[in-house]
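Participant: Pasting a structure here, questions to come.
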Amino acid sequence: MISATDALRATPLVSELTAAEIDTLARLVHVRALADGEVLVAEGAKDSKLHVVLSGRIDVVRAGEHGNHVLQSLRAGDLVGELSFMEDAPRFAGLVATGPTEVLALDRVDFETLIAGSPWIVYKVMRAIMHAARNVQRRLSLQMRDFENYLYRTGARN
């Protein structure tokens with residue numbers, strides 16, 4: 001398994017961090033290996049961890065009356081659970097590994113220990129999280145626009 005420091009260097013979380021800051025943050029993260037079909041976080045569960053996909057794939061899965069529906073597939077470099085990490089809210093959907101997968105995990109409680117002694121690390125990591133969240137929002141806005149255009153062109157016919 002890859003070391004926490006090497007894993008962290010491969011994530012967007014450290015894009016603004018110095019080498020020393022990466023070493024400090026690396027002491028707080030953990031690498032977790034998941035088997036195919038293993039649940040990282042169940043739908044409805046609370047999870048105070050921010051995850052970053054290192055390898056493999058995490059599917060965002062929502063239970064429906066006709067079985068589970070994959071809402072999105074996340075790959076290496078994608079952040080997982082950034083809103084739950086910040087809000088401590090129950091998961092809207094479950095997170096399930098598809099194939100062998102490795103994720104990096106950072107618990108909010110551990111991360112908050114940096115506020116007093118290393119506030120710039122906290123600031124820079126939060127900037128990286130917000131950048132990722134903005135990219136997700138931008139992608140969703142574009143998809144919504146495309147969907148609206150499709151409905152307008154087709155008149156919502158099958």
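The values are calculated or read from the model by the stated rules, or taken from the named source; none is laboratory data. What you are looking at is a predicted structure, and each value in this text was computed from that prediction instead of being measured. FYI the Cβ positions are ideal-geometry reconstructions off the backbone, even for glycines, and counts take in every protein chain you see.
Participant: Quick one: in the range 83-124, which of the residues that are among the small types (Gly, Ala, Ser) and part of a loop (DSSP other than H, G, I, E, B) is nearest to Val39 (Cα to Cα)? Show your work before the answer.
Facilitator: Restricting attention to the range 83-124, the residues satisfying the condition of being among the small types (Gly, Ala, Ser) are 84, 89, 93-94, 97, 99, 105, 116-118.
Among the residues that remain, those that are also part of a loop (DSSP other than H, G, I, E, B) are: 89, 93, 118.
Details: Ala89: 18, Ala93: 11, Ser118: 33 Å.
Within the range 83-124, the match that is nearest to Val39 (Cα to Cα) is Ala93.
Participant: Criterion first (assigned to a loop (DSSP other than H, G, I, E, B) and either more than 15 Å from the chain's Cα centre (by Cα) or surrounded by fewer than 16 Cβ atoms within 10 Å (Cβ to Cβ) (or both)) does Glu16 satisfy it?
Facilitator: Values: assigned to a loop (DSSP other than H, G, I, E, B): yes; either more than 15 Å from the chain's Cα centre (by Cα) or surrounded by fewer than 16 Cβ atoms within 10 Å (Cβ to Cβ) (or both): yes.
Answer is yes for this residue.
Participant: How many residues are surrounded by 15 or more Cβ atoms within 10 Å (Cβ to Cβ) and out of contact with any Gly (no Cβ under 6 Å at 6 or more places or on another chain) when one looks only at the range 98-113? Reasoning before the result, please.
Facilitator: Step one: list which residues in the range 98-113 are surrounded by 15 or more Cβ atoms within 10 Å (Cβ to Cβ), which gives 98, 101-108, 110-111.
The next check asks that each one be out of contact with any Gly (no Cβ under 6 Å at 6 or more places or on another chain); those that pass are 98, 102-108, 110-111.
Residues that pass the stated criteria total 10.
Participant: List the residue pairs whose Cβ atoms are under 9 Å apart, where the first residue sits in the range 11-31 and is touching a residue at least 24 places away in the same chain (Cβ under 8 Å) and farther than 13 Å from Phe111 by Cβ, the second is assigned to a loop (DSSP other than H, G, I, E, B) and of a type in the set (A, V, I, L, M), and the two are 6 or more positions apart or on different chains.
Facilitator: Sorted first by the residue in the range 11-31, then by its partner, the pairs are Val31/Met1; Val31/Ile2.
Participant: On to the next question. Looking at Ala33, Ala7, which is the one that is surrounded by 13 or more Cβ atoms within 10 Å (Cβ to Cβ) and not in a strand (DSSP E or B)? Working first, answer last.
Facilitator: On the way: Ala33 fails: not in a strand (DSSP E or B).
Selected residue: Ala7, the only one of Ala33, Ala7 that is surrounded by 13 or more Cβ atoms within 10 Å (Cβ to Cβ) and not in a strand (DSSP E or B).
Participant: Give the residue that is farthest from Asp47 (Cα to Cα), with candidates limited to residues of the range 81-97 that are exposed (fewer than 13 other Cβ atoms within 10 Å of the Cβ) and hydrophobic (A, V, I, L, M, F, W, C).
Facilitator: Phe92
Participant: So which of Glu21, Glu87, Glu65 ends up being at pLDDT 95 or above and of a type outside the set (Lys, Arg)? Working first, answer last.
Facilitator: Numbers: Glu87 fails: at pLDDT 95 or above; Glu65 fails: at pLDDT 95 or above.
The unique qualifying residue is Glu21.
Participant: Another question about this same structure. In the range 37-80, how many residues are charged (D, E, K, R), surrounded by 13 or more Cβ atoms within 10 Å (Cβ to Cβ), within 15 Å of the chain's Cα centre (by Cα) and part of a strand (DSSP E or B)?
Facilitator: 3
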